[in-house]
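See structure below.
The values are calculated or read from the model by the stated rules, or taken from the named source; none is laboratory data. The structure presented is a predicted model; accordingly, all values stated were derived computationally and were not measured. Counting neighbours? That spans all protein chains shown, and the Cβs are built from the backbone with ideal geometry, glycine included.
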Amino acid sequence: MDLTSDDAKAAARSLRADLAEQGIAISHGAALELVAHQLGLRDWNTASAVLGRRDDDTAGLGAPVPILRLHRFADVRPFYVDYLGFAVEWEHRFEPGMPLYARLARGATRLDLSEHHGDGTPGSAVWIPVADVGALHRELRRKDHPSVRPGIDRDAPGGPTLAVIDPSGNMLRFCEAE
């Protein structure tokens with residue numbers, strides 16, 4: 001089960017109650033901040049933007065998984081795996097020599113990459129929320145990709161954004177929601 005902001009709020013209530021039993025009083029806001037830090041996030045605002053939410057959708061809709069069209073998976077694999085740090089969850093071909101369809105994952109983000117004609121449009125863009133765009137930027141700068149030198153657009157709609165273009169021309173916009 002993925003952690004939701006409701007789960008994090010419940011954890012903050014439990015933390016506050018446990019501390020109160022030990023004679024330590026903190027505000028609910030302070031408890032939320034502590035839970036966010038325990039989750040490895042900068043603050044509660046970041047946590048509430050990044051964490052999923054539970055709603056009353058009886059159909060149980062999940063997070064969408066974008067399909068990015070590419071020409072050859074072998075050409076983009078080093079970009080996604082070695083540079084961006086995604087892991088290949090699975091790969092599928094109907095038979096040898098047929099186009100590849102693969103799912104990649106990093107954290108809560110899932111991307112499907114497809115060599116199939118008609119799956120997605122080359123040059124698509126995907127907006128991906130991140131807890132700390134500066135940390136991602138530093139990570140990517142250390143890897144020194146030969147053809148990618150991303151910067152952070154601090155005035156981008158939605159918050160500071162780091163944009164990279166994959167070898168097939170698809171744009172990934174990593175945004176730290178404000």
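Some values worked out for this structure:
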item: Complete set of residues in region 64-83 that are part of a loop (DSSP other than H, G, I, E, B) and out of contact with any Lys or Arg (no Cβ under 7 Å at 6 or more places or on another chain); result: P64, P66, L70, H71, R72
item: Check on P129, in the same structural domain as A74 (by TED's automatic domain parsing) and in contact with a Lys or Arg (Cβ under 9 Å, 6 or more places away or on another chain); result: no
item: Evaluation of L39 against (1) free of Cβ contacts under 8 Å to residues at least 60 places away in the same chain; (2) touching an Asp or Glu at 6+ places or on another chain (Cβ under 6 Å); (3) outside the structural domain of K143 (by TED's automatic domain parsing) (one fails), failing number; result: (2)
item: Residue check for A102: surrounded by 14 or more Cβ atoms within 10 Å (Cβ to Cβ), in the same structural domain as W127 (by TED's automatic domain parsing) and without any contact (Cβ under 8 Å) to a residue 40 or more places away in the chain; result: yes
item: Region 152-161, subset within 18 Å of the chain's Cα centre (by Cα) and part of a loop (DSSP other than H, G, I, E, B), residue surrounded by the fewest Cβ atoms within 10 Å (Cβ to Cβ); result: P157
item: Of all residues in region 1-55 being out of contact with any helix residue (DSSP H, G or I) (no Cβ under 8 Å at 6 or more places or on another chain) and of a type in the set (V, I, T), the one that is surrounded by the fewest Cβ atoms within 10 Å (Cβ to Cβ); result: I24
item: Matching residues, region 118-146, being in contact (Cβ under 8 Å) with a residue 12 or more places away in the chain and within 22 Å of F73 (Cβ to Cβ); result: D119, G120, T121, P122, G123, S124, A125, V126, I128, L140, K143, H145
item: Hits in region 162-178 (condition: in a strand (DSSP E or B), over 12 Å from the mean Cα position of the chain (by Cα) and in contact (Cβ under 8 Å) with a residue 40 or more places away in the chain); result: V164, M171
item: Pairs, first more than 16 Å from H116 (Cα to Cα) in region 76-96, second in a helix (DSSP H, G or I), C-beta under 6 Å, six or more apart; result: Y83/K143; F86/Y80
item: Near pairs, Cβ below 6 angstrom, 6+ apart or cross-chain, from region 1-27 (free of Cβ contacts under 8 Å to residues at least 12 places away in the same chain) to any residue that is loosely packed, with under 12 Cβ neighbours inside 10 Å and assigned to a helix (DSSP H, G or I); result: none
item: Evaluation of R42 against (1) modelled with pLDDT under 85; (2) in a loop (DSSP other than H, G, I, E, B); (3) more than 26 Å from A163 (Cα to Cα) (one fails), failing number; result: (3)
